[in-house]
1. From L18, L26, L45, which residue is in contact with a Gly (Cβ under 7 Å, 6 or more places away or on another chain) and modelled with pLDDT of 85 or more?
2. Does G17 meet the test of being in contact with a Lys or Arg (Cβ under 8 Å, 6 or more places away or on another chain) and either within 14 Å of V70 (Cβ to Cβ) or open to solvent by less than 90 Å² (accessible area, probe 1.4 Å) (or both)?
Amino acid sequence: MENYAELFLSDEALTEGLTDEEARELLSWLLGLAEETDEAHLPHLKRLGQEVARLSRDYGVPVDELIALVELAWGEAPPPALRA
């Protein structure tokens, strides 16, 4: 777990321009995903986190909504905020 955390925490692009709450949410989500995958996928998760942060900064979309959209695309149950 420490290796995953170190990888994500050392990348300033993951949290640059995000509020503390959004940064915590993004890092928490990425760490949870990292625990469920093998080491070969960590660079992809890091890139995914960078893109979520960029979209949030550039377009003002809350991080939690972007995470929900990614999870929805992965086929997971939509969160309450996205249910019709």
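1. Step by step, each of L18, L26, L45 is checked, and only L26 is in contact with a Gly (Cβ under 7 Å, 6 or more places away or on another chain) and modelled with pLDDT of 85 or more.
2. yes
The values are calculated or read from the model by the stated rules, or taken from the named source; none is laboratory data. Here the structure is a predicted model, which means the values were calculated and not measured. Every residue, glycine among them, receives a Cβ derived from its backbone with ideal geometry; neighbour counts consider all protein chains shown. These accessible areas exclude ligands, DNA and RNA; they are computed on the full protein's heavy atoms, side chains included. Shrake-Rupley method; radii C 1.70, N 1.55, O 1.52, S 1.80 Å.
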